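The values are calculated or read from the model by the stated rules, or taken from the named source; none is laboratory data. From a predicted model like this one, the values you see are computed outputs, not experimental measurements. Every residue, glycine as well, gets a Cβ built from its backbone with ideal geometry; the counts of neighbours run over all protein chains shown. These area figures cover heavy atoms from the full protein model, side chains too; ligands, DNA and RNA do not enter into them. Shrake-Rupley method; radii C 1.70, N 1.55, O 1.52, S 1.80 Å.
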Amino acid sequence: MSRVLIVEDEQHLADGLRFNLEAEGYEVDVADSGEAAQEILKSASPDVIVLDVMLPGKDGFAVMSEMRDAGQFVPTLMLTARGHPDDVLKGFAAGADDYLTKPFELSILIARIRGLLRRREWLRSAPPVAIVAKDRFVFGDRSVEFDIPELRVGAQVFPLTLMEANVLRYLIRHEGKAVSRKKMLEEVWGLHEDTDTRAIDNFIVRLRRYIESDPANPEHLLTVRGVGYRFVADRQKK
């Protein structure tokens, strides 16, 4: 039986989600604040998290960022009334796997949860030695397994969120070329309206932490001043 952690301060909504998810066969824990959720995570291991953004005290973006920085890669669906593209990007930049705005259809929420759980169960059931990536890119002692998704640097393994993997895939496909932030927003996220392109920078900072030997002096994920970024596989061709 899969366990879901709901982080929602609106009690009527939290109670409704608990009732319906338990009716679907899930075990459910509920936290009414970011701090309460972090306390639960110290002793419990949910299979998926439904995380509201607008929480008292520490908001959902902060909770999400702190989870990922602490190495907690529980699949997470961010739930919020704020549907502006900047907020969507901020959620993904913090490490969310999916994003749903209120009001929402219960059937859609359950479908999104099932999708996240399917990915998690696949990873659990596939022995690491038996995984053969069908979608892989290798450069130096680094390799990206896009169908898992994860990044290997020497003996280290870094799980990637789906959005981190999508950003990296896009840059690799345009290897050697300067790619604008605006173009990435349009082609990776499908956002065509006026959006704060600085959100892309958050993804690059995170990916550099994984990929670069010295993130302050990158050799693979290069900044193109006034434009965006450029990926270089061979450091000798910078």
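Laid out as a table, the results:
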quantity	calculated
Output for segment 1-31, where each listed residue is surrounded by fewer than 17 Cβ atoms within 10 Å (Cβ to Cβ), part of a loop (DSSP other than H, G, I, E, B) and not acidic (D, E)	M1, G25
Subset of segment 32-81 that is farther than 22 Å from L162 by Cβ and part of a helix (DSSP H, G or I) - its residue that is most open to solvent (accessible area, probe 1.4 Å)	K42
Some residue of segment 101-121 being surrounded by 14 or more Cβ atoms within 10 Å (Cβ to Cβ), modelled with pLDDT under 80 and either in contact with a Phe, Trp or Tyr (Cβ under 9 Å, 6 or more places away or on another chain) or over 16 Å from L51 (Cβ atoms) (or both)	yes
Residues of segment 143-152 classified as farther than 17 Å from F203 by Cα and open to solvent by less than 20 Å² (accessible area, probe 1.4 Å), total	3
Every pair of residues 6+ apart whose Cβ atoms lie under 7 Å, when the first sits in segment 85-105 and is over 18 Å from P149 (Cβ atoms) while the second is of a type in the set (D, E, K, R) and part of a loop (DSSP other than H, G, I, E, B)	P85/E193; D86/D196
Number of the exception - D86 against (1) out of contact with any helix residue (DSSP H, G or I) (no Cβ under 7 Å at 6 or more places or on another chain); (2) open to solvent by 50 Å² or more (accessible area, probe 1.4 Å)	(1)
